[in-house]
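A short worksheet on the structure shown next.
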Amino acid sequence: MDLIGNAAAARQALVTMWTIRRFEEAVDDLFARGLMHGTMHLSIGQEAVPVGACLALSDGDYITSTHRGHGHCIAKGARLADMMAELLAKETGYCRGRGGSMHIADVATGNLGANGIVAGGVPIAAGAGLAVKMRGGSEVVVSFFGDGAVNEGAWHEGVNLAAIWDLPVVFVCENNHYGMSMSVSRAFRVKQLSERAAAYGIPGVTVDGNDPQAVHDAVTDAVARARAGEGPTLIEATTYRWKGHSKSDKNLYRTREEIEQWRERDPIARFEQRVAATLEDQEIQSCRDEARDAVRAAVRAAHAAPDASADSLTEAVYAR
Amino acid sequence: MTAVVEQTRTLTYAEAVREALAQAMTADERVFLLGEDVGTYGGAFGVTGDLVHRFGDERIRDTPISELGIVGAAVGAALAGMRPVVEIQFSDFTAQAMDQIVNQAAKIHFMLGGAATVPMVLRAPAGSGTGAAAQHSQSLEAWFAHVPGLKVVMPATPADAKALLLAAIADPNPVIVLEHKLLYKQSGPVPEAATPARLGEAAVRRRGTDLTIVATGVMVPRSLEAADELAADGIEASVVDPRSLKPLDGKSIVDDVTRTGRALLVQEAPKTAGFMAEIAATIGESPAFGHLRAPISRLCGLDVPIPYAPQLERAAVPQVADIVRAATDLVRRW
């Protein structure tokens with residue numbers, strides 16, 4: 001799909017990127033004002049990856065997500081108000097206040113869950129792919145993870161299982177250059193993380209993760225391969241997180257100049273420039289407004305919702 | 001009322017497990033097996049046997065040696081609507097898979113506010129007695145019982161091996177089934193029908209008046225053997241087998257102890273922070289406390305890794321003679 005030249009696609013990509021950005025800015029603000037507790041992992045600066053990837057998916061396709069998963073959740077179609085309610089510890093939140101930011105899932109839209117364990121979702125994605133294959137289905141599973149995940153055993157085991165069984169899984173590494181404070185240059189011997197694919201006998205490709213079209217093209221090809229029964233693909237999307245790892249991050253491990261250089265490559269601003277021939281200024285502004293209004297409405301709805309109640313706390317431990 | 005006659009045959013514990021797997025797979029096409037060497041090899045302990053010839057290698061799925069990946073794949077398959085049954089070759093190797101068991105399988109239902117379930121089973125041979133030494137002989141039930149969201153069962157008879165596994169497969173939660181490797185070749189009557197047990201229901205294997213022995217896993221047949229010897233010596237012991245540690249049928253245990261006034265708790269696992277501490281507390285916190293004629297007594301494995309040499313291995317965990325001695329002491333001293 002042409003996200004630049006096709007007005008409808010361009011609009012959808014832009015609105016979704018802005019929605020992710022505005023959602024996380026709202027979260028950042030709520031946090032700063034002491035209205036949100038816990039911790040939070042923001043993906044501001046990385047919006048092109050979930051948007052480009054999820055636009056390559058159909059209803060019924062699955063994703064697994066990460067601790068930095070708001071973008072994946074939104075791009076896969078989750079309801080903003082229910083996400084915000086979860087972060088604000090409300091009964092109407094996706095997890096009724098039990099999960100918070102790191103555990104939001106929306107099974108109805110195929111989101112099998114964010115994950116507080118960095119490579120935790122990788123074998124789970126392989127298993128979902130196995131379920132699809134055993135049922136003879138045509139769905140695919142996109143497994144999102146960061147560069148920090150690919151040195152965990154679960155990552156290797158999950159990717160290998162998907163590879164040997166030709167499972168319909170697309171592994172999307174959001175290489176934002178830091179696993180907490182550990183830079184990729186210190187954590188890997190390989191030049192590009194996509195080289196890891198060779199070890200599992202699957203295709204690997206590195207794309208510009210700040211370009212939704214590049215991500216989209218790579219994921220679209222991988223999805224086609226997966227649907228054709230040809231197995232998984234590893235896609236490395238290079239991007240950058242503008243904010244710290246979490247709320248405890250003092251940013252001691254990187255320079256202001258480095259952050260500034262990446263801010264100049266803002267995926268949203270760049271995309272707006274590239275779609276200027278497709279969308280008029282007024283249309284672009286309306287995309288921004290739409291995202292802002294949707295997030296504002298979500299914050300309002302979440303604030304108005306009842307707090308999560310401890311009355312039923314022990315009930316959801318076991319399914320009946 | 002007509003009596004229901006259950007058709008039973010004599011099967012080994014391993015055959016009973018296999019029959020449960022076959023019946024569950026026949027009844028529900030979502031059920032499938034995955035694990036190391038479960039296919040043509042037939043399982044490290046021969047449990048899966050010929051299932052691959054009956055159900056094919058898609059549903060009896062051999063995996064590489066990747067415990068974490070295997071359990072993770074089962075979690076994902078369960079989330080996506082299947083009913084996976086994982087075999088981990090030795091329960092010790094669950095240590096490799098602990099993140100997926102503890103942080104994923106056990107917690108997903110809760111973390112998602114009940115929006116998704118993880119109906120999977122993890123079967124693993126547990127316990128010592130085969131000379132396999134410290135990394136292939138542990139009794140780890142307390143690890144799992146401590147984690148909210150997991151269920152834990154320990155079948156002690158062939159009939160229970162079948163009925164508890166069927167219950168585990170039918171359950172919408174992750175269930176850990178700890179089979180004892182010394183029991184695989186034991187025979188006993190097993191109903192033909194695919195009737196699942198009710199999880200959280202203990203079995204009173206023998207009813208006595210002088211003390212209650214609560215035992216799990218291979219300690220159940222050992223306690224029954226000890227009870228026979230005790231009876232010859234004039235001591236009548238009850239033997240209660242919890243069968244399901246989580247959920248735990250505390251009531252059956254408490255009721256029996258209330259009747260006998262003495263409790264001897266027998267487990268193969270090391271004593272410290274073991275599951276029998278939980279049983280002791282269950283009794284201690286109950287009205288049975290007022291009926292105790294003696295302190296609650298625990299007979300457990302030593303706090304040592306399981307050693308290799310057969311005489312050392314035997315010394316590390318309770319044997320029949322140890323149970324007889326501990327029960328006699330408890331009754332005679334108090």
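The values are calculated or read from the model by the stated rules, or taken from the named source; none is laboratory data. Bear in mind that the values here come from a model prediction, so they are computed numbers and not experimental data. Methodologically, a virtual Cβ is constructed for each residue, glycine included, from the backbone with ideal geometry; neighbour enumeration extends over all protein chains shown. For the accessible areas, the whole protein counts, side chains as well, though only heavy atoms, and no ligand, DNA or RNA atoms are used. Shrake-Rupley method; radii C 1.70, N 1.55, O 1.52, S 1.80 Å.
Which ranges mark the strands (runs of 3 or more DSSP E) fully within the stretch B:228-334 that have 1 or more residues being among the acidic types (Asp, Glu) and either open to solvent by 50 Å² or more (accessible area, probe 1.4 Å) or touching a helix residue (DSSP H, G or I) at 6+ places or on another chain (Cβ under 8 Å) (or both)?
The qualifying strands (runs of 3 or more DSSP E) are B:237-241, B:263-270.
Return only the number of the condition from (1) of a type outside the set (S, T, N, Q); (2) surrounded by 13 or more Cβ atoms within 10 Å (Cβ to Cβ); (3) within 14 Å of chain B (Cβ to nearest Cβ); (4) assigned to a helix (DSSP H, G or I) that A:Asp311 does not satisfy.
Unmet condition: (2).
Please give the number of the condition B:Glu201 fails out of (1) buried (at least 19 other Cβ atoms within 10 Å of the Cβ); (2) within 17 Å of B:Phe275 (Cα to Cα).
(1)
Confirm whether A:Phe144 is touching a His at 6+ places or on another chain (Cβ under 6 Å), aromatic (Phe, Trp, Tyr) and open to solvent by less than 10 Å² (accessible area, probe 1.4 Å).
So A:Phe144 passes the test.
Being touching a helix residue (DSSP H, G or I) at 6+ places or on another chain (Cβ under 9 Å), charged (D, E, K, R) and open to solvent by 40 Å² or more (accessible area, probe 1.4 Å) narrows it down to one of A:Arg288, A:Arg256, A:Arg265, A:Arg227, so name that one.
Result of the check over A:Arg288, A:Arg256, A:Arg265, A:Arg227: A:Arg288.
Listed here are the residues, each with its yes/no results for (1) among the aliphatic types (A, V, I, L, M); (2) touching a His at 6+ places or on another chain (Cβ under 8 Å); (3) within 30 Å of A:Ala114 (Cβ to Cβ); (4) at pLDDT 95 or above.
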| site | (1), (2), (3), (4) |
| --- | --- |
| B:Ile88 | yes, no, yes, yes |
| B:Ala97 | yes, no, yes, yes |
| B:Gln100 | no, no, yes, yes |
| B:Asn103 | no, no, yes, yes |
| B:Gly127 | no, yes, no, yes |
| B:Leu165 | yes, no, no, yes |
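Tell me whether the stretch A:11-23 contains one or more residues that are surrounded by fewer than 22 Cβ atoms within 10 Å (Cβ to Cβ), within 30 Å of B:Gly81 (Cα to Cα) and either in contact with a Ser or Thr (Cβ under 8 Å, 6 or more places away or on another chain) or not acidic (Asp, Glu) (or both).
no
Tally time: how many residues in the stretch B:97-143 are within 24 Å of A:Cys95 (Cβ to Cβ) and among the hydrophobic types (A, V, I, L, M, F, W, C)?
The total comes to 13.
Looking at the stretch A:176-192, can you tell me whether even one residue there is under 30 Å from A:Thr255 (Cβ atoms), in a helix (DSSP H, G or I) and under 20 Å from the mean Cα position of the chain (by Cα)?
Looking for residues that are under 30 Å from A:Thr255 (Cβ atoms), in a helix (DSSP H, G or I) and under 20 Å from the mean Cα position of the chain (by Cα), one finds at least one in the stretch A:176-192, hence yes.
Looking at (1) within 14 Å of chain B (Cβ to nearest Cβ); (2) among the acidic types (Asp, Glu); (3) within 25 Å of A:Gln261 (Cβ to Cβ), can you tell me which one A:Asp211 breaks?
The single condition A:Asp211 does not satisfy is (1).
Looking at (1) assigned to a strand (DSSP E or B); (2) in contact (Cβ under 8 Å) with a residue 60 or more places away in the chain; (3) closer than 25 Å to B:Gln7 by Cα, can you tell me which one B:Ala194 breaks?
(1)
For A:Ala218, state whether it is within 30 Å of A:Glu272 (Cα to Cα) and either open to solvent by 50 Å² or more (accessible area, probe 1.4 Å) or in a strand (DSSP E or B) (or both).
no
Collect the residues in the stretch B:207-227 that are open to solvent by 10 Å² or more (accessible area, probe 1.4 Å), farther than 20 Å from B:Pro270 by Cβ, outside any loop (DSSP other than H, G, I, E, B) and touching a helix residue (DSSP H, G or I) at 6+ places or on another chain (Cβ under 6 Å), keeping them in residue-number order.
Within the stretch B:207-227, B:Glu225 is the sole residue that qualifies.
So which residues in the stretch A:46-58 are surrounded by fewer than 24 Cβ atoms within 10 Å (Cβ to Cβ) and either in contact with a helix residue (DSSP H, G or I) (Cβ under 8 Å, 6 or more places away or on another chain) or among the β-branched types (Val, Ile, Thr) (or both)?
A:Leu55, A:Ala56, A:Leu57
Can B:Pro172 be described as open to solvent by 10 Å² or more (accessible area, probe 1.4 Å) and within 16 Å of B:Ala16 (Cβ to Cβ)?
No: the conditions fail for B:Pro172.
Return the pairs, sorted by first residue and then second, in which the second residue is open to solvent by less than 30 Å² (accessible area, probe 1.4 Å) and charged (D, E, K, R), the first residue lies in the stretch B:317-328 and is more than 18 Å from B:Ser238 (Cβ to Cβ), the beta carbons are less than 9 Å apart, and the residues are 6+ apart or on different chains.
Cβ pairs passing all conditions: B:Val317/B:Glu268.
Just to verify a result, which residue in the stretch A:100-120, among those that are facing chain B (nearest Cβ under 7 Å), in contact with a Leu (Cβ under 7 Å, 6 or more places away or on another chain) and open to solvent by 10 Å² or more (accessible area, probe 1.4 Å), is nearest to A:Val132 (Cα to Cα)?
Only one residue fits best here, namely A:Leu112.
Residues in the stretch A:227-249: is at least one within 14 Å of chain B (Cβ to nearest Cβ) and assigned to a loop (DSSP other than H, G, I, E, B)?
Yes: the stretch A:227-249 contains one or more residues that are within 14 Å of chain B (Cβ to nearest Cβ) and assigned to a loop (DSSP other than H, G, I, E, B).
Are any of the residues in the stretch A:149-170 open to solvent by less than 40 Å² (accessible area, probe 1.4 Å) and in contact with an Asp or Glu (Cβ under 6 Å, 6 or more places away or on another chain)?
No, the stretch A:149-170 contains no residue that is open to solvent by less than 40 Å² (accessible area, probe 1.4 Å) and in contact with an Asp or Glu (Cβ under 6 Å, 6 or more places away or on another chain).
Which of the residues that make up the stretch A:194-215 are over 24 Å from A:Phe271 (Cβ atoms) and either of a type outside the set (Val, Ile, Thr) or outside any loop (DSSP other than H, G, I, E, B) (or both)?
Listed by number, the residues that qualify are A:Glu195, A:Arg196, A:Ala197, A:Ala198, A:Ala199, A:Tyr200, A:Gly201, A:Pro203, A:Gly204.
For B:Lys271, state whether it is of a type in the set (Lys, Arg) and in contact (Cβ under 8 Å) with a residue 40 or more places away in the chain.
So B:Lys271 fails the test.
Against the conditions (1) away from chain B (no Cβ under 14 Å); (2) under 16 Å from the mean Cα position of the chain (by Cα), where does A:Ala125 fall short? Just the number, please.
(1)
Out of the stretch B:50-70, which residues are within 14 Å of A:Asn160 (Cα to Cα), in contact with a Ser or Thr (Cβ under 8 Å, 6 or more places away or on another chain) and among the hydrophobic types (A, V, I, L, M, F, W, C)?
B:Ile70
Only one of these is more than 23 Å from the chain's Cα centre (by Cα) and not hydroxyl-bearing (Ser, Thr, Tyr): A:Ala218, A:Ala276. Name it.
When all the criteria are applied, what remains is A:Ala276.
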